[in-house]
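Here's the structure we're looking at; comments come further down.
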Amino acid sequence: MHSLHSLTIKKFHDGLLKKEFSALEMAQNFFDWIEKKDGEIMAYLSLNKDLAMRQAEEADIKIAKGESLSALTGVPLAIKDNILIEGLTATAASKILKDYTASYDATVIKKLKTAGAVFLGKTNLDEFAMGSSTENSAFQKTKNPHDLSRVPGGSSGGSAAAVAANMAVAALGSDTGGSIRQPAAFCGVVGLKPTYGAVSRFGLIAMASSLDQIGPFTKTVEDSAILFKEILGQDGLDATSAEVSYGNELLNPKLEDIKKLKVGIPEEYFVEGLDKEVTEKVQEAIKTIESLGLKTKKISLPHTKYALSCYYIIMPAEVSSNLERFDGIRYGTRQKADNLLELYKKDREMGFGSEAKRRILLGTFVLSSGYYDAYYAKAQKVRQLIKKDFEEAFKEVDVILTPVTPTPAFKIGEKISDPLSMYLSDVFTIPVNLAGLPAISIPAKSSGGLPVGFQLIGKKWHEADILGIGQYYERL
Ligand code: GLN
């Protein structure tokens, strides 16, 4: 069996071209490995063997015919279970969607199908992407491949763990407040949250629509650029998606351009209470980036301390409205009841877990008349201040470097009964969603211990900057 370890999109593509293996044989290898390994990791909620083997065969036919291949032809991917693939279940890890089968493809899936990718299966998440540990899944607890007693992070914990445990070459997740970057940091892989509007959200089960964005999990920054390039683009089915032309520098950054970028280090992100290992490894990453020739500069993002509170008003408000549609009639399992109201109540009582319920209640409260101005409207103003902080900072620097999380992966069960301490694991990622910016989580080089990530935040539509720095960082 060809080693799945260290197999990247790039290497897979080269291997196919050189006929070192066939796509079919590799798909089989992945399913064999998943069968062996996923019993302990529990990254996948469902596997998609029949369709995957057919997709792999089609890739091999293309190769045999000498047709031109995309970078993703035959590449085995894992997809978070809140992204729709026609004909497959899409549960969002909620009981209310346990038996829901998607009747259409998300736009990102359509694009990946055209590119010839192979979908191995759907991965575990916190219910409706609400959480930071994947423990809020209604179905199973995913383990961190680096230490089985620890969480993989969340909410895209299944996708991060699948890539980290070599059960997929790459994966897709979604990020509303950190759900790609935080699990990437905990599992030692690369996670990119694109600029809001860069990637279509059509076919993503919505959590908080003004914050959600789909993005890649990969083993390398180079792969992140490759996968991002395949899924980006304006989509008539998502009015918030934008037409932006990303040039060649996404895949082929030039060192002379990268060297010119100025990196800001915000003092508000290096506070007391930051874990020692995280501090050390992030400082190390800063030094490495300086050694590439980039200049760094201390900056300030003064409203950072309000980001978490602001997020926990805006996000639940949007959650409460997005989750209204789950009534047991159009979606989900239907309970027996005497009248309509009773039916809604029973379906939602049975169908939602406690974190979903908590956020629906919170959201309904902050939107209710009498509280709307005091909470929701005020939070929207604070959101503008946070956005402005970044705009001001980006007058002085091109990229901002921060830790991804205050600590490395925590123990399973450690925070589940204390929602507030769980919410705190996203303090460094949430401001980015509020401002709609692109950011990437890159594993800091380490000499043992648990993985730690550092975050590069870019200007709007400037994914090329953060991916460029990242690609040179990983070459060192
Ligand atoms: N962990 C954060 C939350 O619980 C972010 C979730 C996400 O990005 N989907 O809301």
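The values are calculated or read from the model by the stated rules, or taken from the named source; none is laboratory data. All of these numbers come straight from a predicted model, not from anything done at the bench. Neighbour counts are summed over all protein chains in view; Cβ atoms, including those assigned to glycine, are modelled from backbone coordinates with ideal geometry. When the accessible area is computed, the model is the full protein with side chains, heavy atoms only, and any ligands, DNA or RNA have been set aside. Shrake-Rupley method; radii C 1.70, N 1.55, O 1.52, S 1.80 Å.
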Residue by residue through segment 424-434, what is 3J(HN,Hα) from phi via Karplus (6.51 cos²θ - 1.76 cosθ + 1.60, θ = phi - 60°)? Round to whole Hz and write x for glycine and proline.
5, 5, 10, 4, 8, 9, 4, x, 5, 5, 4
So, taking all protein chains as they sit and a 1.4 Å probe, how much accessible area belongs to GLU58, in Å² rounded to tens?
120
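How long is the gain from ALA337 to GLU290 if the chain were fully straight, where each residue apart is worth 0.36 nm and the alpha carbon distance is subtracted?
Values: separation 47, 0.36 × 47 = 16.92 nm, distance 6.50 nm.
Gain on extension, ALA337 to GLU290, equals 10.4 nm.
Report the calculated FRET efficiency for GLU67 and TYR104 (r = Cβ-Cβ distance, R0 = 25 Å), to the nearest 0.05. It would help to have the intermediate numbers written out before the result.
On the way: r = 27 Å, r/R0 = 1.07.
Rounded to the nearest 0.05, the efficiency is 0.40.
With all protein chains present, how much of the accessible area of the chain (probe radius 1.4 Å) comes from carbon and sulfur, to the nearest whole percent? Show your work: numbers first, answer last.
Details: 9700 of 18610 Å².
Its accessible area is 52 percent carbon and sulfur atoms.
Beyond 30 Å, how much of the Cα-Cα pair distribution for the chain remains, as a whole percent? Show your work: numbers first, answer last.
Details: 46857 of 113050 pairs.
The calculated P(r) of the chain puts 41 percent of pairs beyond 30 Å.
As a quick test, which of the pairs LYS19/LYS110; LYS98/LYS345; LYS18/LYS193; LYS110/LYS193; LYS305/LYS459; LYS287/LYS388 have an alpha carbon distance above 24 angstrom in this structure? Numbers along the way, then the final one.
Numbers: LYS19/LYS110 27 Å; LYS98/LYS345 18 Å; LYS18/LYS193 32 Å; LYS110/LYS193 20 Å; LYS305/LYS459 21 Å; LYS287/LYS388 28 Å.
Long pairs (Cα-Cα over 24 Å): LYS19/LYS110; LYS18/LYS193; LYS287/LYS388.
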Ignoring ligands and nucleic acids, what accessible area does MET42 show with a 1.4 Å probe (Å², nearest 10)?
60
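On full extension of the chain, what length is gained from LYS298 through SER46, given 0.36 nm per residue of separation minus the C-alpha to C-alpha distance?
Values: separation 252, 0.36 × 252 = 90.72 nm, distance 4.61 nm.
86.1 nm is the gain from fully extending LYS298 to SER46.
At 37 °C and 0.692 mPa s, what whole-number value in µm²/s does Stokes-Einstein give for the translational diffusion of segment 233-320, with Rh from the Kirkwood sum over Cα pairs?
Answer from the Stokes-Einstein relation: 192 µm²/s.
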Once amide hydrogens are built 1.01 Å from N within the peptide plane, the residues lying 5 or more places from LEU232 or on another chain with amide H under 5 Å from its amide H are none
Note, ³J(HN,Hα) from phi for segment 77-82, Karplus 6.51, -1.76, 1.60, rounded to Hz, x at Gly and Pro
10, 10, 10, 4, 7, 10
Taking H as built 1.01 Å from N, whose amide H comes closer than 5 Å to the amide H of SER46, not counting residues under 5 places away?
LYS122
Between SER241 and residues 5 or more places away or on another chain, which pairs have amide H atoms under 5 Å apart, with H built 1.01 Å from N, and which residues are they?
ASP235
Could you give each residue of segment 452-461 its phi-based ³J(HN,Hα) in whole Hz, using Karplus coefficients 6.51, -1.76, 1.60 with θ = phi - 60°, and x for Gly or Pro?
9, x, 10, 10, 10, 9, x, 5, 3, 6
Restricting attention to the alpha-carbon atoms of segment 349-449, what are Rg (one decimal) and Dmax (integer), both in Å?
17.6, 54
In this structure, among LYS260/LYS297; LYS111/LYS260; LYS37/LYS357; LYS11/LYS62, pairs with alpha-carbon gaps over 22 Å are LYS111/LYS260; LYS37/LYS357
